[in-house]
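Structure record follows, encoded as structure tokens.
Quick note: the coordinates plus some simple rules give every number you see, no bench work behind them. Here the structure is a predicted model, which is why all the values come from computation and not from measurement. With ideal geometry, Cβ positions are generated from the backbone for all residues, glycine too; neighbour counts draw on all protein chains shown.
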Amino acid sequence: MRSVADRAAGLLAPEAIRLDARAAGRDDAVRLCGQVLVDIGAAEPGYIDAMLDRERSISTYLGEGVAIPHGTNEGRDLIRRDALAFVRFPEGADWNGEPVTVCIAIAARGDGHMEILAELAQALMDPDKARELREADDPDRILALLDPRAEEEHTTDPLQTGQGHTV
Amino acid sequence: MPERTVIIGSAQGLHARPAKIFVHRAAQQPVPVSIRAGDRAPVPASSILGVLSLGAAQGTEVVLSADGDGADAVLDELAELLAGDLDAEEPDHV
């Protein structure tokens, strides 16, 4: 059985990862995230407005400097396929007073949406993982952080295999 | 420790607005409240990350627990909230 983590990682393509973005504020950041989903063919341009609507109705700020912008239920028709985008703002984006450095934008039509959210929330509850998501320089590392199975295969760095677990 | 088992009533499950309303209400209580689903460890009901990590959809069974003065009344209030249609409620504060 494929775990939720597998699904979350499968939904995040390397070309949907931006590590060095800049935004003037929340709306600007949401537009940027939405544009990535549009650029990779996951959503129609109108989905960006649905994301802004959702954000104005209820903030998607999660804590740990992370927000998860996504569209309203009404905006689901504008999704072409389920996908994630990972956009990082090293200088931070002002999210109603909260500094956001990581946005994980979600396009999901069905119930997959909640499972992805749950998986992300579990990852972020681990402060070390959350910090790595904010700081990792390598897109492969971001993919690995969101996919525990890939992380086990990622054994090239001795510092990160200090736990000595065997696969 | 007093517990309440409750079935999530909200059509969109315990995320977005329903999760925020629940977390906000849980944080206002005089005693700490935990929530768990399935076999996973309980998380604080006042943590949005914790509550989202449950992945509780409509119909998911969750268990609330709390200890201390007034715990039973607190659990009754929160259980009623979760069983109802939170999508239809307006939050006190967003």
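Here are a few things to note about the model shown:
- Other residues within the sphere of radius under 13 Å centred on the Cβ of B:SER46, judged by their own Cβ, net out at +2 (K and R +1, D and E -1).
- Ranking of A:THR60, A:THR72 by neighbouring Cβ atoms within 10 Å, starting from the fewest: A:THR72, A:THR60.
- Order of A:ARG56, A:ARG76 under a 10 Å beta carbon neighbour criterion, fewest first: A:ARG56, A:ARG76
- Listed residue (B:ALA16, B:PRO2, B:GLN28) projecting farthest to the positive dipole end of region B:1-44, Cβ model: B:ALA16
- Sorted ascending by nearby beta carbons within 10 Å, beginning with the fewest, A:ARG88, A:ARG134 become A:ARG134, A:ARG88.
- Global geometry of region A:4-146, whether rounded, prolate or oblate, following the gyration tensor of its Cα atoms and the 1.5 cut on a/c: rounded
- Summary of the geometry: region A:57-122 and region B:1-72, compared by the centres of their Cα atoms, lie 22 Å apart.
- Equivalent ellipsoid, region B:3-88 (semi-axes from 5 times Cα gyration tensor eigenvalues, Å): 18, 13, 12
- Think of it as helices only: each DSSP H run of n ≥ 4 in chain B is worth -39500 (n - 2.57), and spread over all residues that comes to -10000 deg cm²/dmol at 222 nm.
- Across chain B, the relative contact order, built from alpha-carbon pairs under 8 Å that are at least six residues apart, equals 45 percent.
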